[in-house]
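No value in this document is a laboratory result; all are computed from the given coordinates. This is a predicted model, so every value here is computed, not measured. Using ideal geometry, Cβ is built from the backbone for each residue, glycine included, and neighbour counts are taken over all protein chains shown.
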Amino acid sequence: MDRSYAAANTRSRERLNELVDRMSYKDLNRALSDGWTIAAMLAHLAFWDYRALVLLGKWESEEVQYSPIDPDIVNDAMQPLCRALPPHEAVRLVVEAAEAVDRKLETLRPGVLSRIVQDGAPINVKRSEHREQHLVQIENALKRLD
């Protein structure tokens with residue numbers, strides 16, 4: 001199984017760390033679109049990385065049955081919870097989740113990873129894709145407000 005995704009995941013995690021390191025409390029509370037703040041969006045990223053981490057752990061010990069998920073509904077439902085988190089907790093969680101899921105992906109036994117990919121499991125091992133989408137959104141919002 002090709003693990004080229006690992007380098008992209010590392011780059012996006014490092015970019016995430018650099019971004020949150022330079023943001024102020026005011027930056028974290030800045031509004032994005034549709035009721036999201038930057039801190040809430042970071043909590044959103046943490047949720048999806050933690051979800052992938054839990055699914056990966058399940059796949060290591062047993063086969064996981066496919067369960068459809070509507071990400072738009074989940075995102076809408078989680079938004080009030082994400083907004084309720086103190087910004088510094090959102091930062092801590094997003095950094096912790098990115099590190100944990102990337103490490104798990106780097107250390108998965110090749111057979112487990114192959115099964116996940118072959119079975120079309122609801123886990124995107126390219127965690128960087130989701131992170132990058134929101135990092136661009138956050139950086140653009142910060143540029144507009146400077």
- Counting other beta carbons within 10 Å of each Cβ, put Y50, Y25 in order, fewest first. Y25, Y50
- Enter the angle in degrees (range 0 to 90, nearest 10) between the Cα long axis of helix 127-145 and the first principal axis of the Cα atoms of the chain, meaning the one along which they spread out most. 10 degrees
- Item | R0 of 25 Å, Cβ-Cβ distance A31-R103: FRET efficiency to nearest 0.05 | 0.15
- Here the FRET efficiency for D70 versus E18, based on Cβ atoms and R0 = 30 Å and rounded to 0.05, is 0.40
- Report the one residue of I73, P122, W36 whose Cα lies farthest in the direction of the positive end of the charge dipole of the chain (charges on C-beta: Lys and Arg +1, Asp and Glu -1; origin at the Cα centre). W36
- Task: Between Q118 and N140, with labels modelled 7 Å along Cα→Cβ, what's the label distance in nm to one decimal, could you check?
- Result: 4.0 nm
- Query: Hey, which lysines would be in cross-link range of K104, C-alpha to C-alpha under 21 Å, not counting anything within fewer than 8 residues on its own chain?
  - Reply: K58, K126
- If we count other beta carbons within 10 Å of each Cβ, what is the order of D49, D102, D21, D76, fewest first? D21, D76, D102, D49
- When W36, W59 are ranked with the fewest other C-beta atoms within 10 Å first, the list becomes W59, W36
- Could you calculate the FRET efficiency of A84 with T10 from 1/(1 + (r/R0)^6), where r is the beta carbon distance between them and R0 is 35 Å, rounded to 0.05? 0.70
- Anchor K26: lysines whose Cα lies under 25 Å away (excluding residues fewer than 8 positions away in-chain): K143
- Item | Estimated dipole of the chain in Debye, rounded to 20 [Cβ of Lys and Arg +1, of Asp and Glu -1, Cα centre] | 280 debye
